[in-house]
There are 2 protein chains.
Amino acid sequence: MRVHLDCFPCFLRQSIIALRFGTKDESLRETILKSTLDYIQNTDISKPPAYTTTFIHKKIRQMLGIDPFKEIKSEYNQIVLRLYPSLKTTIEKSLDPLWISTRLAIAGNVIDFGIFTSVDIEGTIRKALNNQLAADDYNSFKNAISIADKILYLTDNAGEIVFDRLLIETLIQLGKEVKAVVKGSPVINDSTMEDAEESGLTGVCDVIDNGSEAVGTILEWTSSAFQKVFNNAQLVISKGQGNFETLIGTEKKIFFLFQSKCDVVSKELGLSTGSMLLKKS
Amino acid sequence: MRVHLDCFPCFLRQSIIALRFGTKDESLRETILKSTLDYIQNTDISKPPAYTTTFIHKKIRQMLGIDPFKEIKSEYNQIVLRLYPSLKTTIEKSLDPLWISTRLAIAGNVIDFGIFTSVDIEGTIRKALNNQLAADDYNSFKNAISIADKILYLTDNAGEIVFDRLLIETLIQLGKEVKAVVKGSPVINDSTMEDAEESGLTGVCDVIDNGSEAVGTILEWTSSAFQKVFNNAQLVISKGQGNFETLIGTEKKIFFLFQSKCDVVSKELGLSTGSMLLKKS
């Protein structure tokens with residue numbers, strides 16, 4: 001997925017969100033925002049928007065001297081951990097735990113502070129469990145899981161990672177060996193090893209990092225160790241719009257679980273913004 | 001009114017609107033959009049956003065080699081001219097023609113292709129005539145008009161200028177001498193002398209131009225002839241958000257008739273976006 005002109009204002013909108021999390025100093029916000037304009041000017045529109053946003057967020061972290069999302073990430077891990085027991089019960093009592101935990105994993109993708117400034121987790125859970133998905137390859141997904149021994153699971157955001165833990169626990173109960181992937185170091189509110197630990201995911205399955213601080217999964221920027229794991233994976237479950245944008249062109253058998261949060265991606269998919277998807281590559 | 005950080009993405013959004021009107025060449029759009037980033041980088045946030053947007057739109061016109069809004073301006077002059085007879089009847093049949101023509105003039109401010117890509121004129125007329133204004137200084141406005149001999153009327157957009165003609169005709173029927181002002185040369189879809197002629201306004205009152213191609217009315221950039229007229233005016237009626245942004249700080253007795261179209265201005269006014277205002281300076 002390549003950059004559209006409508007991504008340009010959105011790059012600035014995303015920068016402002018990060019800066020508001022990162023500092024109360026309006027003058028510093030202005031200085032940093034202006035300094036990100038060079039990356040927008042150098043945007044290669046033949047590549048996914050994630051390239052430009054990776055550069056921008058790195059610049060913002062460098063100039064702030066902190067990770068602006070550190071606190072909100074931990075806060076949302078804790079918020080979803082408090083929901084964990086009741087969500088676990090919902091899954092265990094259901095006739096199709098895979099169906100419920102998959103839907104919940106898609107609901108969890110709403111916790112995206114790259115795009116949103118506030119989220120309605122419980123409303124999104126209701127929507128995910130009660131409404132149809134805009135793209136629903138569940139039968140194909142269920143079938144692919146039934147014949148796979150090993151699954152590579154690319155997580156997206158902190159907080160959301162607790163929903164991922166629930167789906168991964170279901171997959172393990174189905175006899176699957178799951179390896180989860182987090183970012184190599186902080187970018188936006190994406191999960192890192194710290195979040196995998198805080199969410200309890202490290203106690204559930206093997207967790208590795210991809211050696212990268214890129215938005216989504218820009219394969220060329222990931223570690224060779226991760227690339228090897230990715231290339232050998234039988235089946236990949238990929239969370240979030242960033243991973244969708246950056247991996248949709250690859251040959252791999254991937255199921256994308258995400259919410260389509262921007263007009264550009266939604267238009268390209270022929271869906272309305274805010275749609276929930278379980279989409280086969 | 002000064003620039004807020006949220007204006008930065010909006011600068012780009014407005015540029016994209018202009019570029020989509022101006023060319024179908026996506027690569028040229030990208031080149032021009034990137035070239036406007038320098039003006040965003042040089043934005044002086046102590047000044048109104050109109051300074052930056054003036055530079056941006058000038059650059060866009062120069063690089064396109066045409067006025068991207070030329071056709072849509074004429075189209076909307078013609079659309080509103082077709083509505084003119086029935087609007088005129090509505091005003092003439094009313095108990096308070098000033099009230100009705102003022103409301104219609106505010107409704108007409110929806111025709112703004114700097115911010116919108118499509119407009120619902122008839123829906124906006126219904127809203128203006130049937131709902132309360134978010135800020136309503138009508139009694140003070142009526143009183144100020146009753147004691148003024150001469151009124152300076154700053155128009156805003158093409159198409160909208162036909163609504164202005166209706167209000168100006170009402171003011172003339174009330175015995176007032178009205179001088180209308182248009183832009184010195186094209187900027188966004190703002191009215192120039194060509195629009196004053198096409199809308200029939202030049203047959204109704206004296207029309208002058210302000211010698212400027214700035215968004216709103218940036219006094220320091222207007223002609224000395226206009227500045228003299230402005231400084232000597234007893235009462236000014238000012239249309240549109242651009243004029244509000246750039247003139248709100250002045251000492252002049254001004255009534256601002258406009259729709260608050262962006263979140264930044266609306267938030268500053270404590271109103272919701274899309275509010276209609278008749279606001280005394």
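Here are the numbers:
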read-out	value
Condition broken by B:THR102, with the remaining ones in (1) more than 20 Å from B:THR23 (Cβ to Cβ); (2) more than 19 Å from the chain's Cα centre (by Cα); (3) surrounded by 22 or more Cβ atoms within 10 Å (Cβ to Cβ) satisfied	(2)
Residue in segment B:32-49 that is farthest from B:GLY65 (Cα to Cα), counting only those that are part of a helix (DSSP H, G or I) and more than 9 Å from chain A (Cβ to nearest Cβ)	B:PRO49
B:ALA233 closer than 16 Å to B:THR192 by Cα and assigned by TED's automatic domain parsing to the domain that holds B:TYR138	no
Residue selected from segment A:172-183 under the condition under 14 Å from the mean Cα position of the chain (by Cα) and of a type outside the set (Val, Ile, Thr), by the criterion nearest to A:LYS58 (Cα to Cα)	A:LYS183
Among residues of segment A:263-281, those that are of a type outside the set (Val, Ile, Thr) and either farther than 18 Å from A:ALA107 by Cβ or surrounded by fewer than 17 Cβ atoms within 10 Å (Cβ to Cβ) (or both), counted	10
Qualifying residue in segment B:188-198 (condition: at negative phi, part of a loop (DSSP other than H, G, I, E, B) and among the β-branched types (Val, Ile, Thr))	yes
One residue from A:ASP25, A:ASP38 being surrounded by fewer than 23 Cβ atoms within 10 Å (Cβ to Cβ), modelled with pLDDT of 95 or more, touching a Lys or Arg at 6+ places or on another chain (Cβ under 9 Å) and on the phi < 0 side of the Ramachandran plot	A:ASP38
Hey, A:ASP190 within 22 Å of A:LYS59 (Cα to Cα) and crowded, with 23+ Cβ neighbours inside 10 Å or not	yes
B:THR52 vs. criteria part of a helix (DSSP H, G or I) and within 14 Å of chain A (Cβ to nearest Cβ)	yes
Members of segment A:8-31 found to be out of contact with any Pro (no Cβ under 8 Å at 6 or more places or on another chain) and within 7 Å of chain B (Cβ to nearest Cβ), listed by number	A:PHE8, A:ARG29, A:GLU30
Residue within segment A:189-202 that is under 17 Å from the mean Cα position of the chain (by Cα) and either aromatic (Phe, Trp, Tyr) or assigned by TED's automatic domain parsing to the domain that holds A:ILE56 (or both) present	no
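The values are calculated or read from the model by the stated rules, or taken from the named source; none is laboratory data. These figures come from a predicted structure and were not determined experimentally. Cβ atoms come from the backbone with ideal geometry, glycine included; neighbour counts cover every protein chain shown.
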